[in-house]
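Read-outs: derived from the displayed coordinates by stated rules, not from any lab. None of the values given here were measured: they were computed from a predicted structure. Quick reminder, even Gly has a Cβ in these numbers, built from the backbone with ideal geometry, and neighbours come from all protein chains shown.
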Amino acid sequence: MTKAYDLARDAYAAWGVDTEAALAALSAIAISVHCWQGDDVGGFERKSGTSGGGIQATGNHPGRARTPDELRADLDFAFSQIPGRHRLNLHAFYLDSADNPDRDQIEYRHFTPWVDWARDRGLGLDFNPTFFAHAKADDNLTLSHPDPGIRDFWIEHGRRSRDIAARIGAALDSPCVNNIWVPDGYKDTPVDRMAARQRLWASLDAMLAPAHDPAHLLDAVESKLFGIGVEACTVGSHEFYMGYAARRDIALCLDMGHFHPTESVADKLSAVALSISNLLLHVSRPMRWDSDHVVLLNDDLLAMAQELVFAGLLGRTRIGLDFFDATISRTAAWVTGVRNMQKALLRALLLPQAHLKTAEEQLDFTARLLWTEEVKDLPHGAVWAEFCARHEVPAGTALISSLNAYQQKVAARG
């Protein structure tokens, strides 16, 4: 322990906060790191897709991973700069195989190199079916498509993705979150929203019908306000998926970049948690409309972390990242995003929760305000530095030097 941490521990103790308990709690929180930041949401299929389905990464910074091995090497480096033990979120079109299956033909064996890599490092894996960047998604309609043949194709893809995720969970002895997001919607105003939503509901039912052990698989559905090419109507809206998740008792994914810029996603957590057992949080940073920027330690993130801690939701909320920025070092983006999420959680864990809640219950809003503001001056940075030191990862200028050195190493990639 450093002298700075000793002083910080004493300062927090004077406010009734146990920094050791906060550090222990933070060490137990695993964040799922999204693979698609490493290669600009390209994937490793050899069947060429023709549609982005509303997915676009901007920029062409040197060092993009071109192969699964390069992506795993980048992830190895990123994890070495992040304190704690975490997870990897893998999309279905990041298969690692000499085979060339279409989406409705993927199997667990196409992903075993990822499972072996994760097992060797003690990491958990999460999974996503990929409903975009494919000829059968060119209409921006998949599970809600009017053509039953196209719907059947995507239903089969979803079934196979769930089977793969369940086998990953069993192989790693850690439940694999399988998150379902589809780009379905209309660029201009539709006349029959109900028909599209009925088709999506029925397709989800068919896709989720096969039973899997919940110890291995956790299904989740993800909503969106709108996206590129579906500005007028998104079939899988927040209201649609909130109702579906509640009725089917599956997890609901709240993505911070999938709502109106003035909405607080933190405010939604306790509201949906009353009717939905499990939550998945995609941490992103929206800027104006539906953009996924690298996560900053800003007010939105701090509010999200505080809500998770104060509402007692950490035990049933899976936290993952979801952004893609190709204008900067991809590994630096990963490291910055995860560490900022951890910093936000630490600051929430370092708040005098019991005292603040008591003041609020007693309607003493003056005390609530004063305590909330004064604790902002406490030395949380020294506690974070101690957390990094205990996990043997760099902080401050040492982190910046390490990130820059790795970027120079990979910059020559074509």
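Laid out as a table, the results:
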read-out: Euclidean distance between Cα centres, the stretch 332-411 to the stretch 10-89, Å; value: 18
read-out: Long-range HN-HN contacts of PHE44 with modeled amide H, under 5 Å; value: TYR94, LEU95
read-out: Value in Å of the Kirkwood radius, where the stretch 215-254 supplies the Cα pairs that are averaged; value: 10.9
read-out: Within the chain, helix-based [θ] at 222 nm, where runs of 4 or more DSSP H residues each add -39,500 (n - 2.57), nearest 500; value: -13500 deg cm²/dmol
read-out: Dipole moment magnitude, nearest 20 debye, the chain about Cα centre, only Lys, Arg, Asp, Glu C-beta charged; value: 500
read-out: The stretch 176-277: C-alpha gyration tensor shape, a/c 1.5 cut-off, then a/b vs b/c; value: oblate
read-out: Spacing of the two label points (7 Å from each Cα toward its C-beta) at ALA13 and ALA135, in nm; value: 6.9
read-out: Rg/Rg_globular for the stretch 327-404, with Rg_globular taken as 2.2 N^0.38 Å and Rg from C-alpha atoms; value: 1.45
read-out: Trypsin sites (Lys or Arg not before Pro), loop per DSSP, at most 14 other Cβ atoms within 10 Å - longest free stretch of the chain; value: 289-412
read-out: Helix 299-310 axis, angle to the chain major axis (alpha carbon atoms, nearest 10°); value: 80
read-out: Across LYS268/LYS376; LYS3/LYS409; LYS3/LYS343; LYS136/LYS187; LYS136/LYS224, pairs whose alpha-carbon gap is larger than 28 Å; value: LYS3/LYS409
read-out: Relative contact order (percent, whole number), the chain, Cα cutoff 8 Å, 6+ residue spacing; value: 21
read-out: Overall form of the stretch 30-349 per C-alpha gyration tensor (a/c, 1.5; a/b vs b/c); value: rounded
read-out: Label-point separation, ALA354 to ARG413 (7 Å along Cα→Cβ), nm; value: 4.9
read-out: DSSP bridge pairs, the stretch 30-349: antiparallel proportion in percent, nearest 5; value: 10
